[in-house]
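Shown below is the structure under consideration.
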Amino acid sequence: MSAGTEWVEGYVRAWESNDPDDIAAIFTDDAVYEYSPDDPDALRGREAIIAGWLDSKDEPGEWTFDWEVLIETDDTVIVQGRTDYPAEKLYDNLWVIRLAPDGRASRFTEWYMARDR
């Protein structure tokens, strides 16, 4: 299994569990989490990422996520996904993940676009 696939599976596991240990496991201490490119409100540092994640967490069963790794190099993974919140909206997602040598993300940037059903 590729490092990118392992990382996304870890992300989905953290998304499902909202467990701080699962979230911490996929980010470096100094990671940056951007909700959009050049996000002025980016979360900086693993502790801030965990706190931000838990402040806006999705509950299990409220969403589904289908994804595929489009491109992977030693330190960069690009993922295309679709997040479905059946009670709310459907989103197309594009993620750029910068991986540290140990496979954790040092930077996560997402683009998302709401779609009509």
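Tally the residues that are in a helix (DSSP H, G or I) and either touching a strand residue (DSSP E or B) at 6+ places or on another chain (Cβ under 9 Å) or within 11 Å of Arg107 (Cα to Cα) (or both), restricting the search to the range 11-40.
Selection size over the range 11-40: 3.
Return the total of residues in the range 70-80 being part of a strand (DSSP E or B) and over 13 Å from the mean Cα position of the chain (by Cα).
Looking only at that region, the number is 4.
For residues in the range 11-24 being under 18 Å from Trp95 (Cα atoms), touching a helix residue (DSSP H, G or I) at 6+ places or on another chain (Cβ under 7 Å) and in contact (Cβ under 8 Å) with a residue 24 or more places away in the chain, which is surrounded by the fewest Cβ atoms within 10 Å (Cβ to Cβ)?
Step by step, filter the range 11-24, then rank; the result is Ala14.
Could you check, for the range 81-104, whether at least one of its residues is part of a loop (DSSP other than H, G, I, E, B), touching a strand residue (DSSP E or B) at 6+ places or on another chain (Cβ under 9 Å) and among the hydrophobic types (A, V, I, L, M, F, W, C)?
The answer is yes, given that some residue of the range 81-104 is part of a loop (DSSP other than H, G, I, E, B), touching a strand residue (DSSP E or B) at 6+ places or on another chain (Cβ under 9 Å) and among the hydrophobic types (A, V, I, L, M, F, W, C).
From Val32, Val79, which residue is touching a helix residue (DSSP H, G or I) at 6+ places or on another chain (Cβ under 9 Å) and within 21 Å of Ser2 (Cα to Cα)?
Going through Val32, Val79 in turn, the sole match is Val79.
Return the pair list, or none, for Cβ contacts closer than 9 Å from residues in the range 31-57 that are within 14 Å of Trp95 (Cβ to Cβ) to residues that are assigned to a helix (DSSP H, G or I) and charged (D, E, K, R), at least 6 apart or on different chains.
As it stands, the answer is Ala31/Arg46, since those pairs meet every condition given.
Tell me, yes or no, whether the range 41-64 has at least one residue that is part of a strand (DSSP E or B) and exposed (fewer than 13 other Cβ atoms within 10 Å of the Cβ).
Looking for residues that are part of a strand (DSSP E or B) and exposed (fewer than 13 other Cβ atoms within 10 Å of the Cβ), one finds at least one in the range 41-64, hence yes.
Checking the conditions here, which among Ala87, Ala51 is over 16 Å from Gly10 (Cα atoms), modelled with pLDDT of 95 or more and of a type in the set (Gly, Ala, Ser)?
Result of the check over Ala87, Ala51: Ala51.
The values are calculated or read from the model by the stated rules, or taken from the named source; none is laboratory data. Note that this is a predicted model, so its numbers are computed, not measured. Cβ sites come from the backbone with ideal geometry, for glycine too, and all protein chains shown count toward neighbours.
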